[in-house]
Amino acid sequence: MTPDERSPFALRDRIEAAGEAGFTGFGIVLADLVEARDTIGYPALRTLLADNGMRHVEVEMLNDWYTTGRRRAASDRARRDLLLAAKELGARQMKVGGDTSAEPVPWEKFVSEFHSLCEDASHSGTRVAFEPMPFGNVPDLATGRRLIDEADHPAGGLILDLWHMARGGVAFPEISATPSRYIFAVELDDADEQVVGSLLEDTLHRRRLCGEGTQDVTGFVTAVAAAGFGGPWGVEILSDDFRKLDLAQQVSRAYTTTAAALRQAGKSRLLADRS
């Protein structure tokens, strides 16, 4: 959420480091996708991912797909770019967010636009993974399930992030009782007990690596697995402290801490290094 969202690390270096660490998948934001498209091209990027063991690819992050005017025009451009990248790279899903404005769009329009987005994704051979966030119009798992039910499209599902589930007060029994058809992807991380600043500030700047906060990471993994989700598992760390590390430190620490949490829960498959 900065004017230039390209990573300070070269995409090739990040992919190679992820592969060496043991990751089997990779999530790529739009800014890095566009740069790769305009330099090496998507065929070369797809080969680079495959050569480094990246079997699972995710593209992100689409916002404002439910709006009108200038915001919608910009979102539609991003939508075309993301769906093209998803098609060319064989992405599992495109990650999208909800309405975090002070005056959310009417629910009926939101649902209708989500259905249309899912239809577009299906034509590109991918799916839409919607991420509930406690500071948005879909703040929890129950509302996320309602969105999927009312949109009623097989290409629409949810991405469950531990941080958002914990901060949104979603209990593990509710997660374990969720039919697996709703869960397209999972993101692992950790958080301190208390929120510092706003929820948005806390999620962008103060996340913790798995096992380094106060959340029950193993309990979350166990609950998601009980719902029937079999992976791959992702890790997403947004943290000022984490950004101070060099690339090798970022990737190795993200992998080892998350792998340890998965081993403790009896799981072992990882999706993506989104550092």
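Structure values in brief
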read-out	value
Unique residue being modelled with pLDDT of 95 or more and farther than 21 Å from residue 178 by Cβ when the list is 149, 140, 99	99
Subset of the range 166-187 [of a type in the set (Gly, Ala, Ser), farther than 16 Å from residue 148 by Cβ and touching a helix residue (DSSP H, G or I) at 6+ places or on another chain (Cβ under 9 Å)]	166, 168, 171, 176
Filtered residue count, the range 182-214, keeping only those that are under 19 Å from the mean Cα position of the chain (by Cα) and in a loop (DSSP other than H, G, I, E, B)	5
Boolean, residue 117 is buried (at least 22 other Cβ atoms within 10 Å of the Cβ) and over 16 Å from the mean Cα position of the chain (by Cα)	yes
Those residues of the range 33-62 which are surrounded by 20 or more Cβ atoms within 10 Å (Cβ to Cβ), within 25 Å of residue 158 (Cα to Cα) and out of contact with any Phe, Trp or Tyr (no Cβ under 8 Å at 6 or more places or on another chain), in sequence order	33, 59, 60, 62
Members of the range 224-249 found to be in a loop (DSSP other than H, G, I, E, B), within 19 Å of residue 199 (Cβ to Cβ) and of a type outside the set (A, V, I, L, M, F, W, C), listed by number	236
Residue match in the range 222-233 (condition: among the small types (Gly, Ala, Ser) and in contact with a Gly (Cβ under 9 Å, 6 or more places away or on another chain))	yes
Filter result (on the phi < 0 side of the Ramachandran plot, surrounded by 15 or more Cβ atoms within 10 Å (Cβ to Cβ) and assigned to a loop (DSSP other than H, G, I, E, B)) within the range 7-26	7, 9, 23, 24
Single residue of 208, 146, 167, 253 found to be closer than 26 Å to residue 7 by Cα and either out of contact with any strand residue (DSSP E or B) (no Cβ under 8 Å at 6 or more places or on another chain) or crowded, with 23+ Cβ neighbours inside 10 Å (or both)	253
Residue in the range 99-108 that is within 29 Å of residue 24 (Cβ to Cβ) and within 18 Å of the chain's Cα centre (by Cα) present	no
Residue under evaluation residue 125, criteria (1) on the phi < 0 side of the Ramachandran plot; (2) under 19 Å from the mean Cα position of the chain (by Cα); (3) surrounded by fewer than 18 Cβ atoms within 10 Å (Cβ to Cβ), criterion not met	(1)
Qualifying positions in the range 23-33 - in contact with a strand residue (DSSP E or B) (Cβ under 7 Å, 6 or more places away or on another chain) and of a type in the set (Gly, Ala, Ser)	25, 27
Residue 131 being out of contact with any helix residue (DSSP H, G or I) (no Cβ under 8 Å at 6 or more places or on another chain) and either among the charged types (D, E, K, R) or farther than 22 Å from residue 68 by Cα (or both)	no
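The values are calculated or read from the model by the stated rules, or taken from the named source; none is laboratory data. Since we're looking at a predicted model, the values are computed, not measured. When we count neighbours, we look across all protein chains shown, and the Cβ atoms used for this are built from the backbone with ideal geometry, even at glycine.
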